[in-house]
Amino acid sequence: MNPEIRVRFAPSPTGYLHVGGARTALFNWLFARHHGGKFILRIEDTDRARHHEDAVQVIYDGLRWLGLDWDEGPHADGPHGPYFQSKRETIYQRYADQLIAAGRVYADENGALRFRLPRQPLAFDDMVCGRIEVDRSKSQNREGELEADMTIRRADGGWIFHFVNVVDDIDMRITHVIRGEDHLSNTAKHIELYQALGVEPPRFGHIPLILNKDGSKMSKRDTGASITSYLDGGYVPEAVLNYFCLLGWSPKDDREIMPREEIVARFDLANVNRKGAHFDLAKCDWFNAQYLQQMPLERYRELSAPWLAKAGVALPAGQLDAVLALEKMKVTHLTEVPERVAFFATEDFPYEPVAVEKTLGKPGALDRLAQLAECYAGVEPFDAVTLEAKLKELATTLAVKPAEFIHPARVAVSGRSVGPSLYHMLEVLGKERALARIARTRREFAA
RNA sequence: GACCCUAUCGUCCAGUGGUUAGGACACUCCCCUUUCACGGGAGUAACACGGGUUCGAAUCCCGUUAGGGUCACCA
């Protein structure tokens, strides 16, 4: 435990939250929670054509959905605000003045403020990548010229990312900078800025990037790239979080399905890979199904509710749990829930044409339904065990296979050829509704 | 082009000098079974290449190749 530890997630409000960004946030959050430190959210809206509330909201929504709560930041305040770069103008000016006074910056011919790069060899110990040594005197650009001095303020007065990023981290007392590997090469410049400002640099940890499964760079449009697609795709936040944390990190044993508390307890930056991870939505889906299967029915009901409401499927409160439980083991995405249980909600459910053709259309199917209905009319209690026994007894008596009753019955009471266990489905339906549905089916498909 | 990072099954993750190279997803097959799933069992499948070091390298070193990243008055 080290309450002095302060880490931050500093996204730019681009209107969407990328998986890579979410995982960076997650690793920062895990690091903070593991050590009992602080997790800070800072919005890097420098320059960005003003501040779009909608774009920022996407970040809040994604983080909150994943359960990554921040100790300081928008809506949380804190002693080192404001937490929007667009509101930190005077702070940047103060640090820039310090650099000017020290003779470390100069105005170029266009009026922009530039930081004179030291161009000395430099080394640092990255918490993930190990020791990084760079000879800054050799850095050159594409034209083979020496790398230009870094601009920290545009001619129009706008502040540049590298500068404000460092200033904010200093000002907010950030102790550990955990960010994407795309910043590894920028770190030398950042350290030079820290040194020019007379501040001890924080510890850095650069985590690998997330790529598409084929290894290509993940862009906004790629499957699974946007966190919003998980909110909209029927994913369970704890499952997604579990999958994400295993992209680049491993507890070093065979544990995969781990509750959040265990991940927090075991998370260690030293165990983070340096290799870029290829994103595999199929495995993420598997995690989702596993979480759905294993979660308590109460949680499942809570997560299903919005999807049922959105689809307009209204189940009677008294039956809700029984109905949901019927298909809980089979669901991969919550989006499937409404279609799987919709037929419970109305006696006027539609019949799937292929199901009708495959079963009801077969010779004798309607007769079997009549026989089954007659048999079930006297069944008591009307529960799965009894119904199964009675159906099999009937089949034996008539010397036909149970399947001859089962398949037509399934379609008769649900309109579908796939669905829950027939007997459990009948039990939940109850004798009255079950028999009424069979009667309706016989009526509709009578030749 | 310069500099930096990386390289184990298709994918994720183990394995840090001696293993039949392990687990998971996906895929194939079998079992279970009233459908669809779940579950159980089995199987296919990897150390990028070339040099070293060593009695012995997936593991250490060098090179090659490949992939990624940074070199903005973007963040």
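Rounded to the nearest 20 debye, the dipole size of segment A:337-397 about its Cα centre is 260 debye, using +1 on the Cβ of Lys and Arg and -1 on the Cβ of Asp and Glu. Near A:Ala265: Cβ cut-off under 14 Å, other residues only, Lys/Arg at +1 and Asp/Glu at -1. The net charge is +1. Spherically averaged projected area of the convex hull of Cα atoms, segment A:334-440: 6.5 nm².
DSSP beta bridges confined to chain A are antiparallel in about 55 percent of cases.
Above 21 Å lies some portion of the pair distances; for segment A:83-160, what is it as a whole percent of all C-alpha pairs? Could you put the intermediate results ahead of the total?
Values: 1379 of 3003 pairs.
For segment A:83-160, the share of Cα pairs beyond 21 Å comes to 46 percent.
About the centre of its Cα atoms, chain A shows a dipole size close to 460 debye [charges on the beta carbon of Lys, Arg (+1) and Asp, Glu (-1) only; nearest 20 debye].
Remark: for residue pairs A:Lys358/A:Lys401; A:Lys283/A:Lys330; A:Lys189/A:Lys275; A:Lys213/A:Lys275, the C-alpha separation exceeds 20 Å in A:Lys189/A:Lys275. The residues neighbouring A:Glu327, those whose beta-carbon lies less than 13 Å from its own, together hold a net charge of +2 under the Lys/Arg +1, Asp/Glu -1 convention. Rg over Rh for segment A:137-253 works out to 1.05, both radii taken from alpha-carbon positions and Rh defined as the Kirkwood radius.
Test of understanding: ordering A:Arg340, A:Arg154, A:Arg221 by Cβ neighbours within 10 Å, fewest first, what list do you get?
Details: A:Arg340 20, A:Arg154 14, A:Arg221 7.
Fewest to most other Cβ atoms nearby, the residues stand as A:Arg221, A:Arg154, A:Arg340.
For a straight C-alpha distance cut-off of 13 angstrom, the aspartates and glutamates reachable from A:Lys310 (same-chain residues fewer than eight places away being disregarded) are A:Asp232, A:Glu336, A:Glu339.
Here the Gaussian network model covers chain A, with springs between Cα atoms less than 10 Å apart; of A:Val341, A:Val400, A:Val128, A:Val400 fluctuates the most.
With Cα atoms as the point set, segment A:159-212 shows a radius of gyration and Dmax of 11.5, 41 Å.
May I ask what percent, to the nearest 5, of DSSP beta bridges between residues of segment A:99-218 are antiparallel? Can you show the working numbers first?
On the way: 15 of 21 bridges.
Of all bridge pairs located within segment A:99-218, approximately 70 percent are antiparallel.
Please compute the net charge surrounding A:Gln290, taking Lys and Arg as +1 and Asp and Glu as -1 over other residues with Cβ under 11 Å from its Cβ.
On the way: positive: A:Lys283; negative: A:Glu238, A:Glu256, A:Asp285.
Counting the neighbours of A:Gln290, the net charge comes to -2.
Using the Kirkwood radius over C-alpha pairs as Rh, can you work out the diffusion coefficient of segment A:228-342 via Stokes-Einstein at 20 °C, viscosity 1.002 mPa s, in µm² per second? The diffusion coefficient I find is 139 µm²/s. Direction-averaged projected area, Cα convex hull, chain A: 28.2 nm², rounded to one decimal.
The angle separating the long axis of helix A:365-377 from the principal Cα axis of greatest extent in chain A is about 80 degrees. Ordering A:Ser417, A:Trp286, A:Thr359 by the projection of their Cα atoms onto the charge dipole of chain A, which places +1 on the Cβ of Lys and Arg and -1 on the Cβ of Asp and Glu, puts A:Thr359 at the extreme positive end. Projecting each Cα onto the charge dipole of chain A (Lys/Arg +1, Asp/Glu -1 at the beta carbon, about the Cα centre), which of A:Ser185, A:Leu99, A:Thr332 comes out farthest on the positive side? It is A:Thr332, whose Cα lies furthest towards the positive end. The GluC sites (Glu not before Pro) of segment A:20-113 that meet both conditions, a loop assignment by DSSP and at most 15 other Cβ atoms within 10 Å of the site Cβ, are A:Glu109. Taking the charge dipole of chain A about its Cα centre, with +1 at Lys and Arg Cβ atoms and -1 at Asp and Glu Cβ atoms, the residue from A:Ala32, A:Leu66, A:Phe161 reaching farthest to the positive side is A:Leu66. As a proxy for reagent exposure, ranking A:Asp126, A:Asp253 by other Cβ atoms within 10 Å from fewest up yields A:Asp253, A:Asp126. Helix A:19-35 and the long axis of chain A differ in direction by around 80°, with both axes built from C-alpha atoms.
Over segment A:62-165, what is the relative contact order in whole percent, taking alpha-carbon pairs under 8 Å and six or more residues apart?
Values: 100 pairs, mean separation 19.8, N = 104.
About 19 percent, as a whole number.
Within the listed set A:Arg410, A:Arg142, A:Arg153, the residue fluctuating most in the Gaussian network model of chain A (springs between alpha-carbon atoms under 10 angstrom) is A:Arg142. This model, with +1 at the C-beta of Lys and Arg and -1 at the C-beta of Asp and Glu, gives segment A:248-311 a dipole about its Cα centre of some 180 debye.
Relative contact order, whole percent, for chain A stands at 13, derived from Cα pairs under 8 Å and 6 or more residues apart. Each 10 Å bin from zero holds the following percent of Cα-Cα pairs in segment A:81-212: 11, 40, 37, 12, 0. Between 0 and 90 degrees, the angle of helix A:431-445 with respect to the longest Cα principal axis of chain A falls at about 80 degrees.
Sorting A:Asp45, A:Asp135, A:Asp149 from the fewest to the most surrounding beta carbons within 10 angstrom yields A:Asp135, A:Asp149, A:Asp45.
No value in this document is a laboratory result; all are computed from the given coordinates. The shown structure was predicted, so the numbers you read here are calculated from the model rather than taken from an experiment. Using ideal geometry, Cβ is built from the backbone for each residue, glycine included, and neighbour counts are taken over all protein chains shown.
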